[in-house]
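First up is the structure itself, then whatever we jot down about it.
The values are calculated or read from the model by the stated rules, or taken from the named source; none is laboratory data. Since we're looking at a predicted model, the values are computed, not measured. Virtual Cβ from ideal backbone geometry, glycine too; neighbours counted across all protein chains shown. Surface areas here come from the heavy atoms of the whole protein model, side chains and all, with no ligands, DNA or RNA. Shrake-Rupley method; radii C 1.70, N 1.55, O 1.52, S 1.80 Å.
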4 protein chains.
Amino acid sequence: MHTQEIIGTHPDVKGQTNQALIRAIEECYDCGQSCISCADACIGEQEVTRLRQCIRLNLDCADICFAAGAIATRRTGSNEEIIRSTLENCMLACRLCADECQKHAQSHEHCRICAEACQSCEQACQQAVQTLGATH
Amino acid sequence: MHTQEIIGTHPDVKGQTNQALIRAIEECYDCGQSCISCADACIGEQEVTRLRQCIRLNLDCADICFAAGAIATRRTGSNEEIIRSTLENCMLACRLCADECQKHAQSHEHCRICAEACQSCEQACQQAVQTLGATH
Amino acid sequence: MHTQEIIGTHPDVKGQTNQALIRAIEECYDCGQSCISCADACIGEQEVTRLRQCIRLNLDCADICFAAGAIATRRTGSNEEIIRSTLENCMLACRLCADECQKHAQSHEHCRICAEACQSCEQACQQAVQTLGATH
Amino acid sequence: MHTQEIIGTHPDVKGQTNQALIRAIEECYDCGQSCISCADACIGEQEVTRLRQCIRLNLDCADICFAAGAIATRRTGSNEEIIRSTLENCMLACRLCADECQKHAQSHEHCRICAEACQSCEQACQQAVQTLGATH
């Protein structure tokens, strides 16, 4: 992805990118795509009725990840309170989705991979949040 | 919108819709559309440089509203903790966006209308959150 | 929704809204929400394995509807070729989704309602496309 | 991204991934993020009034890229006609956005990078479309 390169050219950033935030953005898009794919694969599985909760958490997590990726990308003006609360919401969605996917990881490789993507995204969001100002 | 009618036919809902949640969903889509439109109108204004913060908050609020609308729509399985935290995130985005839009409401009708949509969405999300179980 | 009211205040629109386009925007958000809800209800049905194709078309149609709603909302600059091709893509997605939902309409009310929303959205997009310039 | 790895585990795919389609998915997410970032940077530029058309094409292109990424990800059931028309719509959006960004590439690095991402995405979608069945 061109994330770091293009955000670095924003007139208010001038190369001073926040590396943790850049990584969180990329993890959000990766995790969102993985969650769409895991939901889709679960819907195609024979035992789909046992995967309903996984599909639900996948779809909700995907929606939050894409919103978080967009919001963490913007640098014009400021909206740090929203970046923080959105990344925290994303961490929660990733954690719940990873926990559910983990239960099916031995039966379904897509659940194992999706759990991995969610855990990685949760960590990246956590590290990005720690770089934001302490207020709020 | 068909929101109430279609959610009422979900096999786990069987007509027992949560009216406050239905209203929050519809407000999220309305507010998301208004925020996209206000950002677009601000970009077209002569004094666009003074509307940068408004555009930023509009775009972030739109992303959150659409994610919230989708997440609050689903009824298969359960994900109440995420519905709650997403609606709370949406309330925050709406409040900040309404406050900024309000500053420009006398000069720009789209900011006045957008502030109104954001306030209405914030209230609907607040009322929906109050109907959710108290435990996470 | 505030669609007409807010687009009418865009500095380049000045009250001269395209009514067919306004209606298409609102139908896109309505249809997108119905498709998310129908997919979710199908996933919750006992006979989910027979509804896989319906779920797939629902989810794809929802993604296209929300993109179309956003794109048809903007008025700054011009992008008529993209509005046209996006609405045409939306018409196709709505037609295919309505046809599939129709097959399940007698067994599942959500499929009947979703087919209705898709047909209404397809028609609104068709009428909006006819108001756009003939070039391209 | 985990795109190839996770799609390869879909029960109907079983490792037989379409490489051109995988690449198109990843390019869609990359291009969508670049377009959000370029729009945001343009809004922050001194000469924002001269970048209005660029911002418009960026935002429309981003919406289409994310819809295309999601739709091209799914493998349950079949929806090839929609994958094709959505990728073609994406190619058009990428071409128009790249052409506009190119005009500002010497003044603004973000426009140069975004044009590059759009061109790369257009090509990847073109190659993916060529792998799809010839009907329609």
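The table below gives the values:
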| item | result |
| --- | --- |
| Residue that is more than 24 Å from residue C:67 (Cβ to Cβ), polar (S, T, N, Q) and either more than 10 Å from chain A (Cβ to nearest Cβ) or surrounded by fewer than 24 Cβ atoms within 10 Å (Cβ to Cβ) (or both), where the choices are B:34, B:78 | B:78 |
| Candidate set from segment B:51-62 (those that are open to solvent by 10 Å² or more (accessible area, probe 1.4 Å) and in contact (Cβ under 8 Å) with a residue 24 or more places away in the chain); member that is nearest to the other protein chains (Cβ to nearest Cβ) | B:53 |
| Some residue of segment D:52-69 being in contact with a Phe, Trp or Tyr (Cβ under 6 Å, 6 or more places away or on another chain) and under 19 Å from residue D:96 (Cβ atoms) | yes |
| Per-region count, segment C:14-31, residues in contact with a Gly (Cβ under 7 Å, 6 or more places away or on another chain) and either facing chain B (nearest Cβ under 8 Å) or open to solvent by 10 Å² or more (accessible area, probe 1.4 Å) (or both) | 4 |
| Residue in segment A:102-117 that is open to solvent by less than 10 Å² (accessible area, probe 1.4 Å), hydrophobic (A, V, I, L, M, F, W, C), within 13 Å of chain B (Cβ to nearest Cβ) and in a helix (DSSP H, G or I) present | no |
| Residues that are open to solvent by less than 40 Å² (accessible area, probe 1.4 Å) and more than 30 Å from residue A:48 (Cα to Cα), drawn from segment D:81-95 | D:89, D:90, D:91, D:92, D:93, D:94 |
| Condition broken by residue D:48, with the remaining ones in (1) of a type in the set (A, V, I, L, M, F, W, C); (2) buried (at least 24 other Cβ atoms within 10 Å of the Cβ); (3) facing another protein chain (nearest Cβ under 7 Å) satisfied | (2) |
| Lone unmet requirement of (1) more than 10 Å from chain B (Cβ to nearest Cβ); (2) of a type in the set (Val, Ile, Thr); (3) open to solvent by 10 Å² or more (accessible area, probe 1.4 Å) for residue A:43 | (3) |
| First in segment D:76-103 and of a type in the set (Val, Ile, Thr), second anywhere and open to solvent by 50 Å² or more (accessible area, probe 1.4 Å), Cβ under 6 Å, 6 or more apart | D:76/C:52 |
| Per-region count, segment A:126-136, residues crowded, with 16+ Cβ neighbours inside 10 Å and either of a type in the set (Phe, Trp, Tyr) or in contact with a Ser or Thr (Cβ under 9 Å, 6 or more places away or on another chain) (or both) | 0 |
